[in-house]
Each structure stands twice: as C-alpha cells, then as structure tokens.
Amino acid sequence: MPLPLERLVDFPVASTPRPHTNAVVIPHPKFHPEERLRAAASAGWNVFHFPAEMATYGDFLSDSGTGAFTLEQVVGMLKGLGSKAYGSRPSYFVLLDALNKYLCDISGDELFLTPQGRVAEWLFFSTLRDTLDHSCVVPSNGHFDTTRANVEGKCVRFRALDLPVSQTSPVIFRGDMDVDALRACFEREREVPAVFLTITNNTYGGAPVSFENMLRVRSLCCEHDASFFLDACRFAENAFFVTEYEPGMRQLAVPDAVRRALTLCDGFTISFKKDGLSDIGGALVVKKKSPLVKRYPNFLNELRVNQTGKIAHQTQGGMTGASHFAIATGLSVTTTKEYLAHRVALTAHFARLLRERDVPIVDSVGGHAVYIDVDRFFEGTRLCREDFGGVALTGLLLLKGIRACELGAYAFGKYDAEAGEETFPPFNFVRLAIPRITYEREDFVYAADCIAGLYNIRHHLPRAVPVSGRGAPLRHFESRFRLVPFDE
Ligand code: F0G
C-alpha cells in the first residue's frame with residue numbers, strides 16, 4: 001500500500017531529535033512537521049531550495065564551505081579584514097607562504113587563485129579549449145559534476161571520461177583509476193592533454209586514491225606526453241588514508257604524504273572549501289614543468305589574462321583578505337594527523353550506525369561522507385531507476401529536518417528529450433556529507449534512525465517525477481519534482 005504524503009510526515013523513527021551542535025549555537029525556531037512538508041513541496045522537493053534552518057537535526061547536503069571556523073581562523077580573519085589592497089595584497093603572500101608550507105613548492109607565476117574550485121576548473125578548461133583546436137578526451141578516476149560540466153562546456157570537442165576501478169569489492173583504495181583502461185584510452189584517442197585524479201573520489205563513493213595509483217597514472221602520462229593533474233579538494237583526507245593503510249607508506253607523516261602527492265603532479269585544481277577549512281576560495285596550479293606548458297609556452301600567460309579579465313586580480317582571486325587568512329590557518333589544522341583521525345573516525349561512526357540498522361551503504365567509507373546505495377535500498381520494491389528513488393528519499397528526509405543529497409540516477413543521469421530516454425550513471429547514491437568540526441557522535445543517531453525509518457517502509461515510498469529542468473545541464477540544482485504514490 002503506498003502511503004499518502006500526509007502520513008509520511010509521521011513515519012516512525014526510533015529516537016527523538018536533538019538540534020546539532022551548530023544549531024544549538026545559533027538558536028533555531030521550532031518547526032512543525034507540517035511546515036517542513038509545505039516548505040519541501042514548495043521547493044519542488046529539491047533539497048538545494050529547502051530552507052537551511054529547517055534542516056535542524058542534520059544538514060548533510062555538503063561538506064563544502066559548511067564547516068565551523070576554528071578560533072585561530074577567526075583571529076586570522078580579523079587580521080585579514082585589513083588586507084584590502086587591489087594589487088600585491090599582503091594576505092595573498094600569507095596564503096602563498098601557507099600553500100608552500102602545507103601543500104608543495106608553488107611560485108606566484110604558477111598559482112591562479114579563484115573564488116571556488118569550479119572557477120579554477122572553468123579557468124583551466126576554457127583556456128585549454130582556446131589553446132587546442134582539435135577534439136580531445138580528459139580521463140579521470142571520477143569527474144565531479146562541476147568538473148565534467150567545465151571539461152565539456154558547450155563545445156563537443158572536449159569529452160570527460162570516467163575510468164574508475166571496479167566498484168564491486170570493498171577495498172580501501174576504491175577511488176583509484178583503472179590503469180589498464182587508461183592505457184587503452186591513450187592507445188585509442190588522438191589527443192589526451194591531461195589526466196585528472198580526484199582525491200578523494202567524491203563521485204564514486206568518496207573513496208581515497210592510493211599513492212601507488214598516482215605513480216602509475218603519472219608514469220603513463222609521462223609515456224604519452226600528457227599532463228598529470230589532481231583535483232585536490234580533499235587532499236588531506238586522502239593523505240590520511242595513504243599513511244594509515246597503504247603498504248610502504250605507513251611510516252610517512254601526513255604532511256609528507258601530502259607533499260609527495262602534490263609534488264608529483266603537473267598541477268591541480270582545488271576548492272579550499274573542503275580541506276582548506278574555508279567558506280570560500282579555490283585555486284588552479286599549473287607547474288612550469290608540466291608537458292602542457294612545455295608544449296604551449298604561452299599557456300600560463302593566457303591563464304593570467306583570463307584570470308585578470310574575467311575573475312579578479314591575481315593577488316585577490318575573488319576572495320577577501322579575511323578568506324586568505326582563513327585558508328592559510330585552516331591548512332595548518334587539516335594537515336594534522338589528530339584532526340584527520342578524528343574526522344575519519346566520525347565518518348566511520350555514522351557509517352556504522354547505518355550498517356547496524358541494515359541500511360545499505362557503500363563500503364568502504366572515505367573521509368567526508370557516507371553514501372547510501374539507492375539501488376540496494378529499493379531492491380525488491382516497485383521502484384526502478386526512472387522513479388528516482390534517491391530524490392524521493394532525500395525529499396522525505398527533509399520532513400524530519402535531515403538534509404542529504406542525491407548524487408546518482410538524477411544528478412549524474414542525462415535526459416534525451418527527443419527520444420524521451422534517460423541515460424544513467426553506473427552508480428546510484430544518496431550522499432550524507434559531513435561538515436568539518438560541526439557534528440558530534442550523538443548527532444548522527446537521529447539521522448541514522450530517520451533513514452532506517454524510511455528503509456523499513458521502503459515498499460510504500462513514492463517515486464519522484466521531474467516536473468521541470470529534466471533536460472538541463474547540472475539539472476539536480478534546478479529541477480523541481482512531484483512525489484507520487486505508485487497508484488496515482
Ligand atoms: N571537485 C570536487 C571533487 C568537488 O567535490 C567539488 C565540490 C568541486 C570540485 C568544486 O568545488 O564547490 O569550490 O566550486 N564539491 C561540493 C560537494 C560542492 O558538495 O561535494 P567548489
């Protein structure tokens with residue numbers, strides 16, 4: 001029997017809610033369940049449009065720019081507020097020093113600060129499209145949604161290709177790239193200007209990438225004169241897994257593992273909203289030693305022209321001086337073993353709570369999020385992929401003040417309006433991303449109980465029917481849905 005939405009407002013949950021740590025610091029009004037239902041329905045069941053303050057009991061939409069600032073960061077930010085010069089801004093040099101100290105050797109000529117990670121991606125790929133006049137493929141272990149959109153842009157010459165390792169076995173380094181598939185790609189394709197490794201692999205369940213995989217991918221890149229890039233958003237969490245679990249790397253300190261990875265590559269894009277512990281900021285680094293710069297000696301100049309003309313002056317990067325300080329100080333925290341061990345243990349704890357409640361999640365678990373396997377969640381029910389069960393699941397969680405994000409059949413699928421057909425990605429997840437330094441162990445119990453509550457009534461859940469935005473690029477941000485019981 002499908003349940004009407006009004007009844008779903010009261011779906012049974014084993015524990016009582018408690019506002020999470022941040023919600024206690026910033027007092028939240030109490031919301032009646034009916035108010036959440038109205039808000040979710042008027043947001044078209046799109047989690048991005050649901051009022052954040054109504055996600056009182058757990059906002060797991062993203063770990064990007066959502067963490068708490070440390071006291072040291074706040075002190076640094078106050079100092080940075082005074083750094084407002086248009087050119088040669090002092091806070092820029094504080095940040096440049098920090099990047100050299102905590103990441104790798106970077107000269108000012110090689111660094112392009114940007115407001116976010118996706119702007120760094122846009123800067124890199126739009127400049128590359130202007131530089132190359134032929135078609136090419138950009139392989140990755142898993143392009144994130146914005147990265148894919150920025151690789152491909154509106155032009156059909158550039159194609160983003162995912163080459164993850166097999167996802168069936170729960171090995172720690174499930175984020176690796178399939179090196180044989182990369183070799184075959186090099187043999188098949190005429191032009192592969194750059195290969196990206198996303199650390200950790202946010203698209204494929206958030207799993208880390210081994211250092212050995214980085215070495216093997218780099219060596220193939222060297223053989224084929226391709227540049228080896230990292231999407232380094234979660235570089236510190238990745239380094240933690242490498243030093244904890246990778247044979248031959250266990251004796252290494254986290255900062256050394258970070259430096260090794262970032263020194264190995266020819267460049268990287270990064271969002272400081274993740275392991276930079278900031279609420280804004282990103283960067284593109286293209287090293288002078290990279291094959292790209294050797295082949296196109298004007299590439300760095302072109303990047304600078306685009307940065308200055310379309311983003312901001314090079315010592316600002318579209319950020320305030322306060323943000324430069326926040327990142328510089330943030331990096332000093334996120335590259336410590338103590339911080340990382342606590343963060344990874346917290347994520348593992350959330351995963352354990354879900355496993356204990358039989359909720360099917362992706363194994364093994366990475367550093368920043370727990371992923372529900374939507375296909376397994378709805379196995380044996382009437383729901384198929386076209387019913388976008390992950391969207392329905394995230395919509396119904398809103399009713400309990402819990403916000404998660406569908407990153408599966410809808411977010412990574414594509415709709416061909418002419419044929420009326422969907423193409424689906426090889427995975428189907430709902431992600432619960434954990435903001436940094438925000439939640440405590442107890443905060444996860446209610447969320448796990450809510451998800452288990454829905455799992456227990458999975459045969460009665462509605463499907464999600466897109467009512468707008470189905471054919472749009474990055475459609476999950478704007479689409480609206482109706483939740484429809486099966487009998488309608
Ligand atoms: N690359 C990866 C792997 C990411 O996870 C993100 C953002 C970006 C690039 C873009 O960075 O947001 O600063 O523009 N991920 C966020 C998330 C949005 O929720 O996973 P940005």
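The values are calculated or read from the model by the stated rules, or taken from the named source; none is laboratory data. Source: prediction; values computed, not measured. Cβ placement follows ideal geometry from the backbone for every residue including glycine, while neighbour counts extend to all protein chains displayed. For accessibility, only protein heavy atoms count, side chains too; no ligands or nucleic acids. Shrake-Rupley method; radii C 1.70, N 1.55, O 1.52, S 1.80 Å.
What figure, in Å² to the nearest 10, do you get for the accessible area of T198 with a 1.4 Å probe and non-protein molecules left out?
About 10 Å², ignoring ligands and nucleic acids.
Straight-line reach from K79: which lysines fall under 23 Å, measuring Cα to Cα and dropping same-chain residues less than 8 apart?
Within the straight-line cut-off, K79 pairs with K101, K273, K274.
Subtract the Cα-Cα distance of L474 and N100 from 0.36 nm times their separation in residues, and report this length gain in nm to one decimal.
Extending this stretch completely gives an extra 131.2 nm.
Sort 6-15, 310-319, 424-433 by the packing proxy (mean of other Cβ within 10 Å over each peptide's residues), most packed first.
Details: 6-15: 14.5, 310-319: 20.0, 424-433: 22.4.
My ranking of the peptides, most packed first, is 424-433, 310-319, 6-15.
With all pairs of different alpha carbon atoms counted, what Kirkwood hydrodynamic radius in Å does the chain show?
For the chain, inverting the mean 1/r across all distinct Cα pairs yields 23.1 Å.
With a 1.4 Å probe and all protein chains kept in place, how do Y415, Y86 rank by accessible area, largest first? Please list the in-between numbers first.
Numbers: Y415 70, Y86 165 Å².
Reading off the accessible areas and sorting them downward yields Y86, Y415.
Report P(r) for region 24-119: all Cα-Cα distances, bin width 10 Å, range 0 to the bin holding the largest distance, values in whole percent.
Once binned at 10 Å, the Cα pair distances of region 24-119 give 11, 29, 26, 20, 13, 1.
For region 71-334, compute Rh as the Kirkwood radius over C-alpha pairs and then the Stokes-Einstein diffusion coefficient at 10 °C and 1.306 mPa s; write the answer in µm²/s, rounded to an integer. Write out the running numbers ahead of the final one.
Working: Rh = 18.5 Å.
The diffusion coefficient I find is 86 µm²/s.
Where nothing but the Cβ of Lys and Arg (+1) and of Asp and Glu (-1) is charged, how large is the charge dipole of region 309-466 around its Cα centre, in debye to the nearest 20?
Using Cβ point charges on Lys, Arg, Asp and Glu, region 309-466 gives about 440 debye.
I need the calculated FRET efficiency for the pair R250 and H49, taking r as the beta carbon distance and R₀ as 45 Å, to the nearest 0.05.
FRET efficiency, R250 to H49: 0.50.
Which part of region 89-123 falls in the paramagnetic zone of V305, meaning amide N under 19 Å from the point 7 Å along Cα-to-beta-carbon?
Only 109-113, 122-123 pass the distance filter.
On average, how much accessible surface per residue is there in the chain, in Å², for a 1.4 Å probe, leaving out ligands, DNA and RNA?
39 Å²
Can you sort H134, H459, H324 by solvent-accessible area, 1.4 Å probe, largest first? Before the final figure, lay out the partial values.
Numbers: H134 40, H459 95, H324 0 Å².
Result, largest first: H459, H134, H324.
Quick one: with all protein chains in place, what share of the accessible area of region 71-334 is carbon or sulfur, to the nearest percent (1.4 Å probe)?
Ligands and nucleic acids excluded, carbon and sulfur reach 54 percent.
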